[in-house]
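Notes follow once the structure below has been shown.
The values are calculated or read from the model by the stated rules, or taken from the named source; none is laboratory data. Bear in mind that the values here come from a model prediction, so they are computed numbers and not experimental data. Counting neighbours? That spans all protein chains shown, and the Cβs are built from the backbone with ideal geometry, glycine included. Calculation scope for accessible area: heavy atoms of the full protein, side chains included, ligands and nucleic acids excluded. Shrake-Rupley method; radii C 1.70, N 1.55, O 1.52, S 1.80 Å.
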Amino acid sequence: MMACMGEDLADLTPITPDGHLGPADQHPGIRDREYRRRRHAVTAPARGHQLGDPAPLVSYTESEHATWRAVHAALVAAYEGRVCPEVLAAREEARLPPDHVPQLSEVGARLRSLTGFDFTPAGGPVRNRRFLGALAEGYFHAAQYVRHPAMPLYTPEPDIIHDVFGHGAHLASPWFADLYRLVGAAAARAVSEDTLDLISRVYWFSLEYGVVADRSGVRAYGAALLTSYGELRRLRLAGIRGWDIADIARTSYRTFGYQPVLFGVRSLDHLADALHEFLNDVDEDTGARLGLPTTGP
Ligand SMILES: [Fe+2]
């Protein structure tokens, strides 16, 4: 059943208060064949897409628009007091529509005018080297499909809501766009998969799952948190550690379910300093300096 504004959306999803989501392979987005067919039909036209090619237009269904509206309403309500004000201001600048799933070109044109960034469609899974490397060129790979309507407040895989709501807000801000380019430049220089993995962990625990933790409380800035209603609601229950590159380098992350560990910076200025310091200098010796085992070339 699709949610309407004003309903308690937390009751419409199988997420329990302790964050249990059930086994990954039981998620309706994995098991529903009709949904998988629709998802394939949306994704297939972007296969073989090159950076800079226009994104294929998608004719979204009323059900997909309704999912967008439900998630939009729930997230905006959850942002109050839980999200960094700088991110909320950037989100306003992005002018994301509340009432329909936008085309990537619709939001991308706005981002281009603000920061020079644009979306490029992900025609399927995108490997780290391509995904992170494209950031150096001002492109963010975005999904075009919409999450399963039975579970609108959680998706284990990035959909257009995650990419456009979360990363679109960041990429409307010159300040955040600079950090994305910084990640991209470091990834483009990386030779080994180990170094790339290290950069991708730092990206994950900052621009995806980062929080600011100070005396006034915990506020999210990471794009994954900005689009995860359940995690936003239980932000204060997460295990939050201080920003520490060696700790981050050793911490594995979950691609399904709520993150058990988040890393907090003291402020967004602290984040920028920490990312510049690490990403400007990261090289093939960094992993060994941090005491990480190597897995080969
Ligand atoms: Fe993301």
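Numbers at a glance
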| read-out | value |
| --- | --- |
| Search result, residues across the stretch 41-55 that are open to solvent by 30 Å² or more (accessible area, probe 1.4 Å) and not acidic (D, E) | A41, A44, P45, R47, G48, Q50, L51, G52, P54 |
| The stretch 185-215, residues that are charged (D, E, K, R) and not in a helix (DSSP H, G or I) | D214, R215 |
| Check on V218, β-branched (V, I, T) and part of a loop (DSSP other than H, G, I, E, B) | no |
| Members of the stretch 31-61 found to be in contact (Cβ under 8 Å) with a residue 40 or more places away in the chain and among the aliphatic types (A, V, I, L, M), listed by number | V42, A44, A46, L51, A55, L57, V58 |
| Condition broken by G108, with the remaining ones in (1) open to solvent by 10 Å² or more (accessible area, probe 1.4 Å); (2) touching a strand residue (DSSP E or B) at 6+ places or on another chain (Cβ under 8 Å); (3) touching a residue at least 24 places away in the same chain (Cβ under 8 Å); (4) not hydrophobic (A, V, I, L, M, F, W, C) satisfied | (1) |
| Given (1) at pLDDT below 95; (2) closer than 21 Å to A90 by Cα; (3) more than 16 Å from the ligand (Cβ to nearest atom), number of the condition S228 does not satisfy | (3) |
| Helices (runs of 4 or more DSSP H) completely within the stretch 240-297 that count 3 or more residues being open to solvent by less than 30 Å² (accessible area, probe 1.4 Å) and modelled with pLDDT of 95 or more | 268-281 |
| Of all residues in the stretch 155-189 being more than 14 Å from the chain's Cα centre (by Cα) and over 21 Å from V87 (Cβ atoms), the one that is most open to solvent (accessible area, probe 1.4 Å) | R189 |
| Residue match in the stretch 72-85 (condition: under 21 Å from T155 (Cα atoms), surrounded by 17 or more Cβ atoms within 10 Å (Cβ to Cβ) and among the charged types (D, E, K, R)) | yes |
| Test result for R201, within 15 Å of the ligand (Cβ to nearest atom), within 30 Å of G291 (Cα to Cα) and open to solvent by 30 Å² or more (accessible area, probe 1.4 Å) | yes |
| Residues located in the stretch 122-154, provided they are surrounded by fewer than 24 Cβ atoms within 10 Å (Cβ to Cβ) and of a type in the set (V, I, T) | V126 |
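To keep it simple, each residue is scored yes or no on (1) within 14 Å of the ligand (Cβ to nearest atom); (2) acidic (D, E).
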| site | (1), (2) |
| --- | --- |
| A78 | no, no |
| L88 | no, no |
| E93 | no, yes |
| S113 | no, no |
| V126 | yes, no |
| A134 | yes, no |
| Q144 | no, no |
| L153 | no, no |
